[in-house]
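The structure appears below as structure tokens.
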Amino acid sequence: MLNIALPKGRLGEKVYDMFEAAGYECPSIREKNRKLIFENTEKQVRYFWVKPSDVAIYVERGAADIGVAGKDILLEYSPDVYELLDLDIGKCRMCVAAPKACDPDGINNLRVASKFVNIASDYYTSMGRDIDIIKLNGSVELAPILGLSDVIVDIVETGTTLKENDLEVKTTILPISARLIANRSSFRFHTREIDTLTEKMREQVEKNDQNP
Ligand code: PRP
């Protein structure tokens, strides 16, 4: 039985659609209830819904054999897992954003608020800039509006949150998408099953590419 950690929410539903189309269906997961674990013994799969930012922890520690996590989480926390495939969904970008009037290049010891402090620090280190990093856990857009920071480093998907808060993208740091990941020892013990699953998922990525 392969244990598969799915990210709860809209992305997770898209991810499950791909697993289902790839031949790893588990019909009970479609039932409307608050259950978190679903299995299909015939297909030898057990799915569970976890908070998106926790998927990599379940996989790293072997509670899940495989899972789907955003590249943002993989870069921020560097979990010790195999990254098997870019699923090409959940696409967004990691950006520096600030109020329109702000010129981040002109500020010394820039104050940067972010949920992604490692990504933000690595980015500014690569630019040779010293920054004052401020770790937040959500609603990061508030920070420059209330004067807590000069800029934010955050995920931009549609751009609506920035626009509605009078902020704009100053720089795009990285493109982000969902990745299929595997626990290292699960991969060693179930190489054939995980390779087969990865190839079937790759076919789904190609299909989605042809019919976006
Ligand atoms: C993310 C991100 C932005 C928003 C971007 O927040 O931190 O706030 O989505 O999406 P958009 O460009 O489509 O508007 P999330 O929904 O994860 O909530 P959070 O603020 O609690 O982190």
Seminar exercise, completed: Using the Cα gyration tensor of the chain, the equivalent ellipsoid's semi-axes, largest first and to the nearest Å, work out to 36, 17, 15
For this session: Could you state the angle between the C-alpha long axis of helix 117-126 and the longest principal axis of the C-alpha atoms of the chain, as a value from 0 to 90 degrees rounded to the nearest 10?
Result: 60 degrees
For this session: Provide the percentage of antiparallel DSSP beta bridges, counting only those with both residues in the stretch 62-191; round to the nearest 5.
Result: 75 percent
Exercise. Based on the Cβ-Cβ distance from residue 164 to residue 86, what FRET efficiency comes out when R0 is 30 Å, to the nearest 0.05?
Worked result: 0.50
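Based on the mean of other beta carbon atoms within 10 Å per residue, what is the order of 24-33, 62-71, most packed first?
Numbers: 24-33: 12.8, 62-71: 23.8.
Most protected by this proxy first, the peptides run 62-71, 24-33.
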Seminar exercise, completed: Given 95-101, 147-153, the highest-first ranking by average Cβ count within 10 Å works out to 147-153, 95-101
Exercise. For the pair residue 191 and residue 40, what calculated FRET efficiency results from E = 1/(1 + (r/R0)^6), where r is the Cβ-Cβ distance and R0 = 30 Å, to the nearest 0.05?
Worked result: 0.90
For this session: Could you state the angle between the C-alpha long axis of helix 191-210 and the longest principal axis of the C-alpha atoms of the chain, as a value from 0 to 90 degrees rounded to the nearest 10?
Result: 60 degrees
Exercise. From the backbone phi of the stretch 142-147, what are the Karplus-calculated ³J(HN,Hα) couplings (6.51 cos²θ - 1.76 cosθ + 1.60, θ = phi - 60°) in whole Hz, Gly and Pro given as x?
Worked result: 5, 4, x, 5, 8, x
Exercise. With each run of n ≥ 4 DSSP H residues scored as -39500 (n - 2.57), what mean residue ellipticity at 222 nm is computed for the chain after dividing by its residue count and rounding to the nearest 500 deg cm²/dmol?
Worked result: -9000 deg cm²/dmol
Seminar exercise, completed: Subtracting the Cα-Cα distance of residue 145 and residue 17 from 0.36 nm times their residue separation yields 42.2 nm
Exercise. Hey, can you rank 111-117, 201-207, 13-19 by average C-beta count inside 10 Å, highest first?
Worked result: 111-117, 13-19, 201-207
For this session: Work out how much length residue 203 to residue 125 would gain on full extension: take 0.36 nm times their residue separation and subtract the Cα-Cα distance, in nm to one decimal.
Result: 24.2 nm
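Readers should treat all values here as calculations from the given coordinates under stated rules, not as data from a laboratory. Note that the structure is a prediction, hence the values are computed from the model and not measured. So basically every Cβ, Gly included, is an ideal-geometry build from the backbone, and we count neighbours across all protein chains shown.
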